[in-house]
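I have placed the structure first, in the form of structure tokens, so that the comments after it can refer back to it.
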Amino acid sequence: MAARHLRTRKFSSPAAIAATAAVGVALAVGGTVGAVRLTSAEPPAEPAVVETLPSTPAPTSAAPSPSASLSPSPKATPSPKASRTQAASRSKARTASPSPTAKKTSSPKVVDSGSCGASFYAEGQMTANGETFNPDALTAAHKTLPFNTKVRVTNPANGKSVVVRINDRGPFIDGRCLDLSRAAFATIAATSLGHVNVRYEVLG
């Protein structure tokens, strides 16, 4: 292989002269053929340094603010058992609550009954049981019934009746079994009659 003509240049530095001599020796021995271009007073170019910047991480979701993290999240409170019962009852048909009924009073028991004449009296100081006689009270006199016994006296002629309390003894006239106070007699008949036939019921 023919050697190419080497274009020489003047170098001012020793390093350049040494480089030129090395190239000439290589060409003379039959080494590598190549053209070497050397620049006067310039050092060989340094390899370019590529400065790699750290890759910017992909933006992530914003972290919760401290204020949000500090505030406790509301906890769901377990629903009370009563709410289950209430919710279940809503599906059922509602019925009106029973209205309070008036307490029934049992009718007095009739232990004896009969018919007889009844009169009335309006004067008297004391009764047989020691009370002061009151003609305006619903009381009556009987020969044998215990004191404070209640007797319902009815006038069959008009259907009117009155309940009297036995507190005296009498009457002592044949055919009569009750001697009513004036107020009791006026409830079932006119006092002008003096006496009437009645039906009586002894209440227990």
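No lab work stands behind these numbers, since they all come straight from the coordinates. Bear in mind the structure is a predicted one, so any value in this text is a computation, not a measurement. Neighbour counts are summed over all protein chains in view; Cβ atoms, including those assigned to glycine, are modelled from backbone coordinates with ideal geometry.
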Legend entry - Radius, Kirkwood style, for the stretch 107-153 when every pair of distinct Cα atoms is counted (Å): 12.6 Å
Legend entry - Charged-residue dipole, Cβ positions (Lys, Arg, Asp, Glu), the stretch 115-188 about Cα centre, Debye nearest 20: 280 debye
Inset, instruction - Whole number please: convex hull volume per residue, Cα atoms of the stretch 158-204, in Å³. - result: 94 Å³
Legend entry - Paired Rg and Dmax values of the stretch 107-204, which use every Cα atom, in angstrom: 12.1, 34
Inset, instruction - Using a cut-off of 12 Å between beta-carbons, work out the net charge of the residues near Ala190 (Lys and Arg +1, Asp and Glu -1, Ala190 not included). - result: +2
Inset, instruction - Give me the net charge of Glu123's neighbourhood, meaning all other residues with Cβ under 14 Å from the Cβ of Glu123; Lys, Arg count +1, Asp, Glu -1. - result: -2
